[in-house]
Structures are given as structure tokens and as C-alpha cells.
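Novice: Dropping the structure in here first, questions after.
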Amino acid sequence: MLSVLGVISAVTWLTVLTSQAQDQPAGGAGFKPAAPREALMEWHEKAFNNARKAVSGKKAKDLAENAWLLSELANVNGFHGENDDYRNWAREVSTKAAELAAAGKEKQFDKAAEIVKGLNATCKSCHDVYKKRD
Ligand code: HEC
């Protein structure tokens, strides 16, 4: 009887642990970005420009690829800031870029152009507060 209970509780705990693990970023709770933020930002710029070009050139595959790249870069950018506003703006870029990828996949280029405008504004919101002027 005791061992049956033991097995049941072990299975329950395993289920709880694995479901929690799926909510964590890939590197787990100790995730640390590998590249410096300047490098991450150069890639934000490249991916965003490529996505914009793909919108005007109506290139669905290029748009989806670059938008997903930007979405993931922004996801990592969230780990470069400790404040809530920083993390929220990074998350916003990630979410909007994922919407951009979806619009690309569905070849909705007018919708994509609107999302690009919103993205631009989010880059700027964070830069206004956190990017040092030379
Ligand atoms: C959550 C904050 C945040 C968001 C969102 C953000 N950036 Fe940045 N970005 C920064 C910070 C901070 C810097 C200043 C560089 C540094 O100190 O690391 C920067 C610098 C840059 C630079 C200059 C890089 C250099 O060589 O110094 C570029 C280009 C750039 N960002 C592009 C973008 C683009 C494009 C987006 C939107 C798609 C974006 N960023 C969104 C925080 C952000």
C-alpha cells in the first residue's frame, strides 16, 4: 500500500516538475544572454530592416524568417534589463514581431505594415529611457 502511494506521489511530482520546466526559458531559471547587448541591438536592427524590406517587397518567407528572428532576439533582450518597463518593452517587441511573422505567413502585407509602425514605436520607447546619448 505504502509503495503504491509512493509511486503515485512520485509520478505526481514528476508531472508538476516537468510542467513547470516548460514555462522556463530554454536555459532554465539561470538563463544568461551570451552576447553583449550592443551586438543584440545590431541584430535587432538587421532583422527589423530585413523584415521591413520583405514587407515592401511582399516576400512572405523572408518576412516570417526575419520577424521570428527579431521576436527571439527581443525575448533574449528581456534578460538584459532588471526593471519592469525594460522587460515589458522587450516583451512587446517579441510579441509584435511574432504577430508580424504570422502576418507574413498569411501574406497580409497591409497588416504587416501596421505592425511595423507599432514595432518602431516600441523600439523608440525603450531607447528614449535606456539608450545613452553620445
Ligand atoms: C527594452 C529596451 C530596448 C528595446 C525594446 C530596443 N532596444 Fe535597441 N537599444 C537598447 C539599449 C539600452 C541600447 C543602447 C546600447 C547599450 O547600451 O547596450 C540600444 C541600442 C540600439 C542600437 C545601437 C547599437 C549600438 O551599436 O550601440 C540599435 C541600432 C538598436 N538599439 C536597434 C533597436 C531596434 C531596431 C529595436 C526594435 C525592433 C530596438 N533596438 C529595441 C534597448 C532597447
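Novice: How would you rank 54-65, 107-118, highest first, on the average number of other Cβ atoms within 10 Å across their residues? If you can, show how the numbers build up before the last one.
Specialist: Details: 54-65: 17.3, 107-118: 15.7.
Highest mean packing first, the order is 54-65, 107-118.
Novice: Moving to a separate point now. Can you give me the Rg/Rh ratio for segment 34-130, using Cα atoms for both radii and the Kirkwood formula for Rh? Intermediate values should be presented prior to the final figure.
Specialist: Numbers: Rg = 12.6 Å, Rh = 13.0 Å.
That ratio equals 0.97.
Novice: What list of ³J(HN,Hα) values in whole Hz, one per residue of segment 37-46 in order, does the Karplus curve 6.51 cos²θ - 1.76 cosθ + 1.60 (θ = phi - 60°) give from phi, with Gly and Pro shown as x?
Specialist: Per residue, the Karplus-derived 3J(HN,Hα) values read 4, 4, 5, 4, 6, 4, 6, 4, 4, 5 Hz.
Novice: Of all accessible surface on segment 44-134 at a 1.4 Å probe, what whole percent is carbon and sulfur?
Specialist: Details: 2810 of 5630 Å².
Summing carbon and sulfur atoms, their accessible area is 50 percent of the total for segment 44-134.
Novice: Sticking with this one: Quantify how much of the Cα-Cα distance distribution of segment 93-134 extends past 13 Å, in percent. Display every interim value, and only then the final one.
Specialist: Values: 468 of 861 pairs.
Every Cα pair in segment 93-134 considered, those over 13 Å come to 54 percent.
Novice: From a point 7 Å beyond the Cα of Arg91 in the direction of its Cβ, which residues of segment 33-53 have a backbone N at a distance under 20 Å?
Specialist: 33
Novice: Another question about this same structure. Between Lys32 and Glu82, what is the spin-label point distance in nm, taking each point 7 Å from the Cα along the Cα→C-beta axis?
Specialist: 1.5
The values are calculated or read from the model by the stated rules, or taken from the named source; none is laboratory data. Please read these numbers as outputs of a predicted model, since none were measured by experiment. Positions of Cβ are generated from backbone atoms using ideal geometry, with glycine treated the same way; all protein chains shown enter the neighbour counts. Just so you know, the surface numbers come from the protein's heavy atoms only, side chains and all, with ligands and any DNA or RNA stripped out. Shrake-Rupley method; radii C 1.70, N 1.55, O 1.52, S 1.80 Å.
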